[in-house]
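Note sheet for the following structure.
The values are calculated or read from the model by the stated rules, or taken from the named source; none is laboratory data. Just so you know, these numbers come straight off a predicted model, no measurement behind them. Backbone-built Cβ (ideal geometry, glycine too); neighbour counts: all protein chains shown.
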Amino acid sequence: MSAHFQVGRGTVLPGFLDAHVHLALIDGTVLPSGGIARVLDLGGWLPDDLRASLPDLAYANQFMTAPGGYPRHSSWAEPGWSYAVATAADADTAVDLQVGAGASVLKITLNSVDGPVLGTEALAAVVGRAHELRMPVVAHAEGARQAGRAFVAGVDAFAHTPFSEQLADDLVTAMAARMTWISTLDMHGWGHPTPAFEIASDNLRRFHAAGGRVLYGTDLGNGPLPLGLNSREIAALLGVGPTPSDILTALCSPAPLGLTLGDNRVTFIPGERPQDPRDFTDWLVTARALTRSELEVLA
């Protein structure tokens, strides 16, 4: 994490990132007031009016899925948000279309609970084409063995901490050596933990302990999640091993998954970081994202 510094009566940090949002499903213009300076949009059309209000963003555009696969028939997703990849021969066209639309990260869905998933050859071809174009690949993995399939195919990151099955220790260790996991723990119950929350928490605890890279992410647009820093997500992360310093690293990652550390906004938190870790979450969620000119007014 980049060093923080004091200005006025507060702490300035690199712009906080939410690494899993769906801007088409929320009012993204309010995110800076909730402390979020940068976002990674992981599927759906990008609203045109957000270019000015959220200049530090990267997006995936369409979901890469099997014909009829998730989220093609989900009520929250427009039909055009998905691109069906039937065979390996379709991979180049599918990926190239996302690049042509301005995407800098690719989103693959492997959800065997809600429909068919990409076959082994098609999955490998999609990941291979994205990597040829130096494009990171993020997977939604849900259902038996889907996380393992994604790993074997070379996927770079999980859009969610795996939550539908407890992963074997050796698989978690192997994943920690080269993968990034986006947390999204609070979406499982929104403060009322579900069995999926417990599974994800156990997987993330072991992934973090093995040295895996974790990014803060919430899946904004999926249920009653706050439009800004989520104290429940932070508390859940602290509960599985990351320290307050690790949380700041997860929020301030300099170059995650197609998104650079932009200069448009920094994060300002009133007051100094508390010495008592028990006060950390309450301090953190008072953050707001400021432009450089707004920061100068406080100096």
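With L261, L257 as the choices, which residue is surrounded by fewer than 18 Cβ atoms within 10 Å (Cβ to Cβ), in a loop (DSSP other than H, G, I, E, B), modelled with pLDDT under 95 and under 18 Å from the mean Cα position of the chain (by Cα)?
Unique residue meeting the criteria: L261.
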Enumeration of residues in region 155-169 that are buried (at least 20 other Cβ atoms within 10 Å of the Cβ) and not in a loop (DSSP other than H, G, I, E, B): A157, F158
Qualifying residue in region 190-203 (condition: without any contact (Cβ under 8 Å) to a residue 60 or more places away in the chain, polar (S, T, N, Q), buried (at least 22 other Cβ atoms within 10 Å of the Cβ) and in contact with a strand residue (DSSP E or B) (Cβ under 9 Å, 6 or more places away or on another chain)): yes
Count of residues meeting criterion [over 15 Å from the mean Cα position of the chain (by Cα), assigned to a strand (DSSP E or B) and among the aliphatic types (A, V, I, L, M)] in region 12-34: 2
Failed condition for V99, given (1) part of a helix (DSSP H, G or I); (2) of a type in the set (A, V, I, L, M); (3) within 21 Å of the chain's Cα centre (by Cα); (4) buried (at least 17 other Cβ atoms within 10 Å of the Cβ): (4)
For R206: the one exception among (1) over 18 Å from the mean Cα position of the chain (by Cα); (2) within 17 Å of A176 (Cα to Cα); (3) surrounded by fewer than 18 Cβ atoms within 10 Å (Cβ to Cβ); (4) not hydrophobic (A, V, I, L, M, F, W, C): (3)
Long-range neighbours under 8 Å by Cβ, at least six apart or interchain, first residue over 14 Å from T184 (Cα atoms) and modelled with pLDDT of 95 or more within region 240-254, second crowded, with 20+ Cβ neighbours inside 10 Å and small (G, A, S): P242/A250
Number of the condition not met by P226 [criteria: (1) in contact (Cβ under 8 Å) with a residue 60 or more places away in the chain; (2) touching a helix residue (DSSP H, G or I) at 6+ places or on another chain (Cβ under 8 Å); (3) over 30 Å from A147 (Cα atoms)]: (3)
From the options T184, T120, residue that is among the β-branched types (V, I, T) and within 18 Å of the chain's Cα centre (by Cα): T184
Residues located in region 115-147, provided they are over 19 Å from A94 (Cα atoms) and either surrounded by fewer than 16 Cβ atoms within 10 Å (Cβ to Cβ) or out of contact with any helix residue (DSSP H, G or I) (no Cβ under 6 Å at 6 or more places or on another chain) (or both): G115, E142, G143, A144, R145, Q146, A147
Selection within region 175-207 - polar (S, T, N, Q) and either in a strand (DSSP E or B) or more than 18 Å from A250 (Cβ to Cβ) (or both): T180, T194
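Given the options L229, L238, L220, name the one that is within 18 Å of D282 (Cα to Cα) and crowded, with 22+ Cβ neighbours inside 10 Å.
One residue alone meets the criteria, L229.
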Residue selected from region 44-78 under the condition touching a Lys or Arg at 6+ places or on another chain (Cβ under 7 Å) and under 27 Å from T120 (Cα atoms), by the criterion modelled with the lowest pLDDT: A60
